[in-house]
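Engineer: So that we are looking at the same thing, I have put the structure below in structure tokens.
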Amino acid sequence: MLKKLYSFLAVMTAFLMVSTANADKKYDGPKMDLSKFQPEFRIGFLGDEASQDIIARNGCLKDYIEKAYNVPAKMFTFKDYAGTMESMLGGNLDYGWFGASGYAGIYLQNPDAVTPVLTRMQPTGDTGYYSVMVARKDSGIKSLKDLKGKKLGFADPNSTSGYLIPSIELPELYNVDIDTYFSGTQFSGGHENNVLAVLNGDVDAGVTWVSGVGKWEEGYTSGNLRKMVDKGILNMDDLEQVWSSKLIPNGPIVMPKKLPQEARDVMVGMKQWILKNDPKCSEDVANGIVKAWVPVDHSFYEVVVKARKAKLEAKKKKG
């Protein structure tokens, strides 16, 4: 079944692959000949926005990967987080950038499937971000108290900021029982869709992710709101931030454990080279401004893995 899904997605996304102005840009960063191990490099993306937007925004990444690994690169998009996770678990992807909860979900299913390679550093030097809850500015909603009896939107069940963290912090830190405090909840199918659901009045408030540093009117320095502002589909004057989480560990770029260490080392070096020599590409791929790309390992995500495991165990007991 997974192989059929992989083949279908290959056909559906092939026509979306685009060439970019970076095609002729000189790359003299770290390289290796991956063709000794496999014939191609497969890049997977979470379904947080329209497929054509994802492919266009990451076209430069495809170009650089081909130069760094000496094999053709293919890009694949999925309708939800679970699809990307399943494809990675099935050995059908060589690169995926997950939230900490998405990585935890993969690890709990198969600890030997992937390994974290690197993550982003915010302009402030933090290697974390925030889950925030936003409402329409004209709704009069300014705090969690104003949301009692209202409808809340989540992004995706496998999203760290779009579900896991608010589902844990709201009950533990604010005494908010999600099942009874709100009139209802829904999953909107990704961060962009969740914010659009707020703007369209389908939910009274929704959670998404932001850097939490920089200017609010710009959607902060990075994150889903920044991405929507840059795309021209969001005016920050239309939103009110009504809640923010504690700092969340930035999600990892992961690669299969079966690949040689050299492949992971090249990825770290390539990302660092792009940041220094092609900041526009780095910003496009990262949905905002990055101070540095830093190597990480499993230990950086142990707290989130424990939290997701506890959540799953509690759900089993409840069900």
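Engineer: Given springs between every Cα pair under 10 Å in a Gaussian network model of the chain, which of Phe98, Phe45, Phe37 has the largest fluctuation?
Structural biologist: Ranking Phe98, Phe45, Phe37 by mean-square fluctuation puts Phe37 first.
Engineer: While we're on this one: Just how large is the dipole of the range 106-244 about the Cα centre, in debye to the nearest 20, putting +1 at every Lys and Arg Cβ and -1 at every Asp and Glu Cβ?
Structural biologist: With Lys and Arg at +1 and Asp and Glu at -1, about 160 debye.
Engineer: The range 126-199 to the range 242-308: how many Å between their Cα centroids?
Structural biologist: Between the Cα centres of the range 126-199 and the range 242-308 lies a distance of 25 Å.
Engineer: Which value in nm describes the separation of the simple spin-label points at Leu108 and Lys231, placed 7 Å from the Cα toward the beta carbon?
Structural biologist: Simple spin-label model gives 2.8 nm for this pair.
Engineer: Now, a different point. Give the Debye-formula value of log10 I(q)/I(0) at each listed q (0.12, 0.16 Å⁻¹), with one equal scatterer per alpha carbon of the range 15-154, two decimals each.
Structural biologist: Log10 of I(q)/I(0), two decimals: -0.66, -1.03.
Engineer: If you count only protein heavy atoms with a 1.4 Å probe, what accessible area per residue comes out for the range 200-319, rounded to a whole Å²? Walk me through the numbers on the way to the answer.
Structural biologist: On the way: 5690 Å² over 120 residues.
For the range 200-319, the solvent-accessible area averages 47 Å² per residue.
Engineer: Would you work out the charge dipole size for the range 229-319 about its Cα centre, treating the Cβ of every Lys and Arg as +1 and the Cβ of every Asp and Glu as -1, and quote it to the nearest 20 debye?
Structural biologist: 860
Engineer: I would also like to ask the following. For the range 139-295, what is the percent of antiparallel DSSP beta bridges, rounded to the nearest 5?
Structural biologist: Once the DSSP bridges in the range 139-295 are tallied, antiparallel ones form about 25 percent.
Engineer: Ranking request for peptides 121-131, 283-293: highest mean number of other beta-carbon atoms within 10 Å first, then the rest in descending order. Could the numbers behind the result be given before it?
Structural biologist: On the way: 121-131: 18.9, 283-293: 20.9.
The peptides rank, most packed first, as 283-293, 121-131.
Engineer: So how do Leu108, Leu152, Leu144 rank on accessible area, 1.4 Å probe, biggest first, that is with the largest at the start?
Structural biologist: The ranking, largest first, comes out as Leu108, Leu144, Leu152.
Engineer: When you count, for each residue, the other Cβ atoms within 10 Å and take the mean per peptide, how do 187-197, 229-239 rank with the highest first?
Structural biologist: Output ranking for 187-197, 229-239: 187-197, 229-239.
Engineer: For the range 95-188, what is the accessible area per residue in Å² when the probe is 1.4 Å? Before the final figure, lay out the partial values.
Structural biologist: Values: 3720 Å² over 94 residues.
For the range 95-188, the per-residue accessible area is 40 Å².
Engineer: Follow-up. Could you tell me how many degrees, from 0 to 90 and to the nearest 10, lie between the Cα long axis of helix 165-174 and the main elongation axis, the longest principal axis, of the Cα atoms of the chain?
Structural biologist: Orientation of helix 165-174: about 30 degrees from the principal axis.
Engineer: Here are several values of Cα extents along the principal axes in Å: [x] 58, 43, 37; [y] 79, 47, 32; [z] 61, 56, 35. Which one was derived from the coordinates shown?
Structural biologist: Among [x] 58, 43, 37; [y] 79, 47, 32; [z] 61, 56, 35, the one calculated here is [x].
Engineer: Report the gain in length on full extension from Ser299 to Thr185: 0.36 nm times residue separation, minus Cα-Cα distance, nm rounded to one decimal. Could the numbers behind the result be given before it?
Structural biologist: Values: separation 114, 0.36 × 114 = 41.04 nm, distance 3.27 nm.
Difference between extended and current length: 37.8 nm.
Engineer: Comparing Gly212, Gly140, Gly269, which has the greatest mean-square fluctuation in the GNM of the chain with Cα pairs linked when under 10 Å apart?
Structural biologist: Looking only at Gly212, Gly140, Gly269, the biggest GNM fluctuation is shown by Gly140.
Engineer: I've got another one for you. Choose one answer from Tyr174, Tyr27, Tyr69: the residue with the largest mean-square fluctuation in a GNM of the chain with alpha-carbon springs under 10 Å.
Structural biologist: Tyr174
Engineer: For the charge dipole of the chain, defined by +1 on Lys and Arg C-beta atoms and -1 on Asp and Glu C-beta atoms about the Cα centroid, which residue among Gly212, Leu46, Asn158 has the Cα displaced farthest towards the positive pole?
Structural biologist: Farthest towards the positive pole: Asn158.
Engineer: With axes computed from alpha carbons, what is the tilt in degrees of helix 2-14 against the longest principal axis of the chain, rounded to the nearest 10 within 0 to 90?
Structural biologist: Once rounded, the angle reads 80 degrees.
Engineer: Which FRET efficiency value, to the nearest 0.05, is calculated for Asn277 and Ala56 with the Förster distance at 22 angstrom and r the Cβ-Cβ distance?
Structural biologist: It comes out at approximately 0.55.
Engineer: Could you work out how far apart the two model spin labels at Ile178 and Trp216 are, taking each label as a point 7 Å from the Cα in the direction of the beta carbon, and quote it in nm?
Structural biologist: Each label point lies 7 Å from its Cα, and together they span 2.5 nm.
Engineer: Run through all the Cα pairs of the range 117-174 and give the fraction in each 10 Å bin from 0, expressed as whole percent.
Structural biologist: All Cα pairs, binned at 10 Å, distribute as 18, 42, 31, 9, 1 percent.
Engineer: Would you work out the charge dipole size for the chain about its Cα centre, treating the Cβ of every Lys and Arg as +1 and the Cβ of every Asp and Glu as -1, and quote it to the nearest 20 debye?
Structural biologist: Using only the charged Cβ atoms, the result is roughly 640 debye.
Engineer: For the chain, what does the helix formula give at 222 nm: sum of -39500 (n - 2.57) over DSSP H segments with n ≥ 4, over the residue count, nearest 500 deg cm²/dmol?
Structural biologist: -11500 deg cm²/dmol
Engineer: Further question: Simple spin-label model, 7 Å along Cα-to-Cβ: Lys79 to Ala310 in nm?
Structural biologist: The two pseudo-label positions are separated by 3.4 nm.
Engineer: What is the sum of charges, Lys and Arg at +1 and Asp and Glu at -1, for the other residues whose Cβ falls under 14 Å from the Cβ of Asp202?
Structural biologist: +1
The values are calculated or read from the model by the stated rules, or taken from the named source; none is laboratory data. What you see is a predicted model; the values in this text were computed from it and never measured. Note that we place each Cβ from the backbone using ideal geometry, even for glycine, and neighbour counts take in every protein chain shown. Note: accessible area is taken over every heavy atom of the protein model, side chains too, but ligands, DNA and RNA are not part of it. Shrake-Rupley method; radii C 1.70, N 1.55, O 1.52, S 1.80 Å.
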